[in-house]
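Colleague: Below is the structure I would like to discuss, written out as structure tokens.
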Amino acid sequence: MTDHDPRYFDDYAPGTTFDCGSVSVDEAEIISFAKAFDPQALHVDPEAAARGPFGGLVASGWHTAALVMRQLVEHYLAAGASLGSPGLDEIRWPYPVRPGDTLRVRATVVEARRSLSKPDRGIVRTMAEAMNQDDRPVMRATAINFFRVRPGPGA
């Protein structure tokens, strides 16, 4: 199955891992995002960040989450079958994202079950992970998504 094949709830089997590609981030992007959404010195001021706890500029965790989300939309979430999400159970940023980092994103299906109240859909619990170019984990999140069930004959 490729990223462009139609995908439905039935295609999200527990244990399956999807490679969601990679994305790079530079200093200008980190500062721009942070100025708009998380204007702390460690994200917007390289000089102040150099004196801070990380010894340099780091991306906001929310910027990292946005980068990961884009990869999930492009490579994991089924365009025709994705029905949204009630939220995340957990999100962690174990290691900072720095200018010049390239993040590899993967999604692993942890659980998949049919909805009892809405039989045309299923509920998928996913572990989304991002690793930097040194294979250090920069984000982990457990997400819940709703997907349409593959239509039957004559649907």
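Colleague: Report the residue count in the range 8-22 for those that are open to solvent by 30 Å² or more (accessible area, probe 1.4 Å) and part of a strand (DSSP E or B).
Modeller: Adding up the residues that qualify gives 3.
Colleague: Within the range 111-120, is even one residue closer than 19 Å to ALA66 by Cβ, surrounded by 17 or more Cβ atoms within 10 Å (Cβ to Cβ) and modelled with pLDDT of 95 or more?
Modeller: no
Colleague: Can you tell me which residue in the range 121-137 is surrounded by the most Cβ atoms within 10 Å (Cβ to Cβ), limited to those that are in a loop (DSSP other than H, G, I, E, B) and touching a residue at least 12 places away in the same chain (Cβ under 8 Å)?
Modeller: Selected residue: ASN132.
Colleague: Still on this model: Given the conditions (1) open to solvent by 20 Å² or more (accessible area, probe 1.4 Å); (2) within 16 Å of GLU27 (Cβ to Cβ); (3) without any contact (Cβ under 8 Å) to a residue 40 or more places away in the chain, which single one is not true for ALA49?
Modeller: Going through (1) open to solvent by 20 Å² or more (accessible area, probe 1.4 Å); (2) within 16 Å of GLU27 (Cβ to Cβ); (3) without any contact (Cβ under 8 Å) to a residue 40 or more places away in the chain one by one, ALA49 breaks only (1).
Colleague: OK, next. If the Cβ limit is 9 Å and pairs must be 6+ apart or interchain, which residue in the range 54-80 that is open to solvent by 30 Å² or more (accessible area, probe 1.4 Å) pairs with which residue that is assigned to a helix (DSSP H, G or I)?
Modeller: Listed by first residue and then by second, the contacts come to PHE54/LEU42; GLY55/ALA49; TRP62/PHE33; TRP62/ALA34; TRP62/PHE37; ALA66/PHE33; ALA66/PHE37; ALA79/VAL73.
Colleague: Here's another thing I want to ask about it. Just a yes or no: is a residue in the range 107-115 over 13 Å from VAL23 (Cα atoms) and either assigned to a loop (DSSP other than H, G, I, E, B) or among the hydroxyl-bearing types (Ser, Thr, Tyr) (or both)?
Modeller: Yes: the range 107-115 contains one or more residues that are over 13 Å from VAL23 (Cα atoms) and either assigned to a loop (DSSP other than H, G, I, E, B) or among the hydroxyl-bearing types (Ser, Thr, Tyr) (or both).
Colleague: Restricting to the range 32-46, and then to whatever is in a loop (DSSP other than H, G, I, E, B) and either open to solvent by 40 Å² or more (accessible area, probe 1.4 Å) or in contact (Cβ under 8 Å) with a residue 40 or more places away in the chain (or both), can you tell me which residue is farthest from ASP11 (Cα to Cα)? Let's see the steps before the verdict.
Modeller: Step one: filter the range 32-46 for residues in a loop (DSSP other than H, G, I, E, B), giving 38-40, 45.
Checking the rest, the ones that are also either open to solvent by 40 Å² or more (accessible area, probe 1.4 Å) or in contact (Cβ under 8 Å) with a residue 40 or more places away in the chain (or both) come to 39-40, 45.
Details: PRO39: 40, GLN40: 41, ASP45: 45 Å.
In this case the residue turns out to be ASP45.
The values are calculated or read from the model by the stated rules, or taken from the named source; none is laboratory data. All figures in this text were calculated on a predicted structure; none of them were measured in a lab. Neighbour counts are summed over all protein chains in view; Cβ atoms, including those assigned to glycine, are modelled from backbone coordinates with ideal geometry. When the accessible area is computed, the model is the full protein with side chains, heavy atoms only, and any ligands, DNA or RNA have been set aside. Shrake-Rupley method; radii C 1.70, N 1.55, O 1.52, S 1.80 Å.
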